[in-house]
Amino acid sequence: MRLGVSSNVEQYVDKNEAFCYFAHIVGLGNIGSANSDSKGRDWNVIMPDDTTFDYSYNNSHGVKISHAENGSTVSAAFNGISDLGKTISHVSDTTYQIDFDKAFSDLTTYATAQAAKTDTGVTVSKEGQGDQNTRTIRVTCASGFDVVNVSAADVRDNKIIVEGLNDVTDYSLVINVTDIDTTTAYTFCRQITVDGSRSAYGEGGGKVLWNFGASECNVTFQECNQGVILAPNGSATVVSTHNGSIFAKTVTNNNSEAHMNPFRPAGLRLLHHGEPFS
């Protein structure tokens, strides 16, 4: 796993508030040097209190991080601190501390509230249904905070097009994924475009929220590669570059990139420092 904040995300991520935060870690040896960033590695790394930092590594130019795992000591070494991030610290040494139980309780409350909403501000049409290769659901959004309900089967079987009515761009869209069979592992392998784009970066990924409510879902995003994933009681896997933050009980990154991109609900404030949306 490699950490980092690319300069590609400057339009929607404040690099002064960028943290890589680990409350608990397994597989420390899989963390590699940070991705390069032409404008400086401005993120701060926060590690669990059960890790140790050896600043004598590489003639005191770097750092070795170690902790006990499965009865042995596991380490990750960096020739320079900047290969990992701007700073490193323990959770107990910073005021930026996250109560994960409360955060996930708040996320579940928010997900449940959104899942109860009916379609708002959207026009939905199905196109090309006669051919499995052309099946499409087009969601046209009005300005503001919009909601659409789409079954898990329809998400699985259709390309999703999200666009603004008359080219408006000041909207956000919650896609409530409904009719989830918790015994089924869903693979979403169709494309999603937002305002005509499938960019791996870009603001479009923060305009859409895939909401799985409080369900114990098991979902894999293969080509649906844009939008924040909210599954606080479920499992989410990404196997292709994903443009959008991921909130799930279990997150698996299968040899891909996951780009942090927070949901920006139109007309409402952001989720910030563990506070729920209002």
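The values are calculated or read from the model by the stated rules, or taken from the named source; none is laboratory data. Predicted, not measured: the structure shown is a model, and the values here were computed from it. Because the Cβ atoms are built from the backbone with ideal geometry, glycine has one as well, and the counts that use them run over all protein chains shown. Quick note on the areas: whole protein, heavy atoms, side chains included, nothing else; ligands and nucleic acids left out. Shrake-Rupley method; radii C 1.70, N 1.55, O 1.52, S 1.80 Å.
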* What is region 75-163's relative contact order, in percent, from Cα pairs under 8 angstrom and six or more apart in sequence? -> 22 percent
* For peptides 242-248, 63-69, sequence by mean Cβ density within 10 Å, most packed first -> 242-248, 63-69
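Could you list the chymotrypsin sites (Phe, Trp or Tyr not before Pro) in region 76-159 that lie in coil according to DSSP, counting only those with at most 16 other Cβ atoms within 10 Å of their Cβ?
Answer by residue number: Tyr96.
Let me know the whole percent of all Cα-Cα pairs from the chain that are separated by more than 25 Å.
49 percent
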* Asked: Can you tell which of Ile161, Ser82, Ile46 lies farthest toward the positive end of the dipole of region 35-170, using +1 and -1 charges on the Cβ of basic and acidic side chains (Lys, Arg; Asp, Glu)?
  -> Ile161
* Write down the accessible area per residue of the chain in Å², having rolled a 1.4 Å probe over the full set of protein chains. => 48 Å²
* Lys117 accessible area, 1.4 Å probe, all protein chains in place, Å² to nearest 10 -> 80 Å²
* **Principal semi-axes in Å for region 152-260 [√(5λ), Cα gyration tensor, largest first]** => 21, 15, 12
* Structure fact -> By accessible area (1.4 Å), largest first, Cys189, Cys20, Cys224 order as Cys189, Cys20, Cys224
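What relative contact order, as a whole-number percentage, does the chain give when Cα pairs under 8 Å and 6 or more residues apart are counted?
Numbers: 666 pairs, mean separation 35.5, N = 278.
Over the chain, the number comes to 13 percent.
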* Just read off the accessible area of Trp43 with the full protein assembly in place, 1.4 Å probe, to the nearest 10 Å². => 0 Å²
* Most fluctuating residue given options Gly196, Gly128, Gly71, as computed from a GNM of the chain linking Cα atoms under 10 Å -> Gly71
* Asked: Of Lys126/Lys159; Lys117/Lys207; Lys64/Lys86; Lys159/Lys249; Lys102/Lys249, which ones are farther than 20 Å apart at the Cα?
  -> Lys159/Lys249
* Asked: Say each of Thr95 and Val168 gets a label point 7 Å from the Cα, pointing the same way as Cα to Cβ; how far apart are those two points in nm?
  -> 4.0 nm
* **Carbon/sulfur fraction of accessible area - the chain, other protein chains in place, 1.4 Å, %** => 45 percent
* Asked: So how much accessible area does Lys249 have, in Å² to the nearest 10, using a 1.4 Å probe?
  -> 150 Å²
* Run the quick spin-label model on Asn255 and Phe53: label points 7 Å from Cα toward the beta carbon, then report their separation in nm to one decimal. => 3.4 nm
* Asked: Using a Gaussian network for the chain with springs between C-alpha atoms less than 10 Å apart, which of these wobbles most: Glu127, Glu203, Glu223?
  -> Glu127
* Arg156 versus Ser60, label points 7 Å from Cα toward the beta carbon: distance in nm? -> 6.0 nm
